[in-house]
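The values are calculated or read from the model by the stated rules, or taken from the named source; none is laboratory data. Everything numeric in this text was worked out from a predicted model, so none of it was measured. Note that each Cβ is placed from the backbone with ideal geometry, even for glycine, and that neighbours are counted across all protein chains shown.
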Amino acid sequence: MPRPSETRFAPRTGESRLDFDPAARPDAGVVFIGRIRSPWGIDDCPKNLRAARETGQGARFEIDAAYRAGLEGIAPGDRLVALYWMAEAPRDLIRQKPRHRDRATGVFALRSPARPNPVALGVVRCVSIDAARGVIEVDAIDAFDGTPLIDIKPFVEAVDTPDSAG
């Protein structure tokens, strides 16, 4: 019987799949701290944050009550690194052929959501925050409405930007 990703995402020329489903071999547990609310669905979601910002549409993070104390210290204007779970993405596609490339390449050389662990990373700007309600408004996101949020971290330019001389 084909796996769900095999029927929904047919491979392109040069692409290859793993011979197992990574979801069937968990090594660790992940908890979701909340959900992303966005204007996007499966048919109209921007491919990346640049494209999402170009639409001018923001989004919000809704943090579950148990995790709201962790929002202390976040302020409007802060850049945040959001980690989110792209639940609809296939997990067994190990080589991909994006439309914008002339050849297939390994998944770890791409930002595609299709990967063994469909964790997405986005650097967003906090527009507003209501920590008591657990709501962070952000400038943009490239995730479907309802996407699980794994974590939020501060973006610290002096730490997170590689040295250009290296």
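May I ask you to list the residues in the stretch 40-74 that are among the acidic types (Asp, Glu) and either loosely packed, with under 10 Cβ neighbours inside 10 Å or in a strand (DSSP E or B) (or both)? Answer for the stretch 40-74, where residues must be among the acidic types (Asp, Glu) and either loosely packed, with under 10 Cβ neighbours inside 10 Å or in a strand (DSSP E or B) (or both): Asp43, Asp44, Glu62, Glu72.
Among residues of the stretch 5-29 that are on the phi > 0 side of the Ramachandran plot, those with a Cβ under 8 angstrom from a residue that is of a type in the set (A, V, I, L, M, F, W, C) and modelled with pLDDT of 85 or more, sequence gap 6+ or separate chain, pair up as Gly14/Ala104. Residues that are among the charged types (D, E, K, R) and modelled with pLDDT of 95 or more were ranked within the stretch 131-166; the one that is surrounded by the most Cβ atoms within 10 Å (Cβ to Cβ) is Asp142. Glu88 meets all of the listed conditions (1) among the acidic types (Asp, Glu); (2) touching a Phe, Trp or Tyr at 6+ places or on another chain (Cβ under 9 Å); (3) in a strand (DSSP E or B) but one, namely (3).
Counting only residues that are under 16 Å from Gly56 (Cα atoms) and of a type in the set (D, E, K, R), the stretch 119-144 holds 4 of them. Within the stretch 30-47, being out of contact with any helix residue (DSSP H, G or I) (no Cβ under 9 Å at 6 or more places or on another chain) and not β-branched (Val, Ile, Thr) holds for Phe32, Arg35, Arg37, Gly41, Asp43, Asp44, Lys47. Restricting the search to the stretch 141-166, which residues are small (Gly, Ala, Ser) and either touching a Pro at 6+ places or on another chain (Cβ under 8 Å) or on the phi > 0 side of the Ramachandran plot (or both)? If the condition is that a residue be small (Gly, Ala, Ser) and either touching a Pro at 6+ places or on another chain (Cβ under 8 Å) or on the phi > 0 side of the Ramachandran plot (or both), then Gly146 is the only one that fits.
Considering only the stretch 108-130, how many residues are within 13 Å of the chain's Cα centre (by Cα), hydrophobic (A, V, I, L, M, F, W, C), within 15 Å of Ile36 (Cα to Cα) and buried (at least 17 other Cβ atoms within 10 Å of the Cβ)? Qualifying residue count for the region: 2. When Arg37 is tested against the conditions (1) closer than 23 Å to Asp160 by Cβ; (2) of a type outside the set (Phe, Trp, Tyr); (3) surrounded by 15 or more Cβ atoms within 10 Å (Cβ to Cβ), the lone failure is (1). Every listed requirement among (1) within 15 Å of Leu149 (Cα to Cα); (2) touching a Leu at 6+ places or on another chain (Cβ under 9 Å); (3) among the charged types (D, E, K, R) is met by Arg37 save one, (2).
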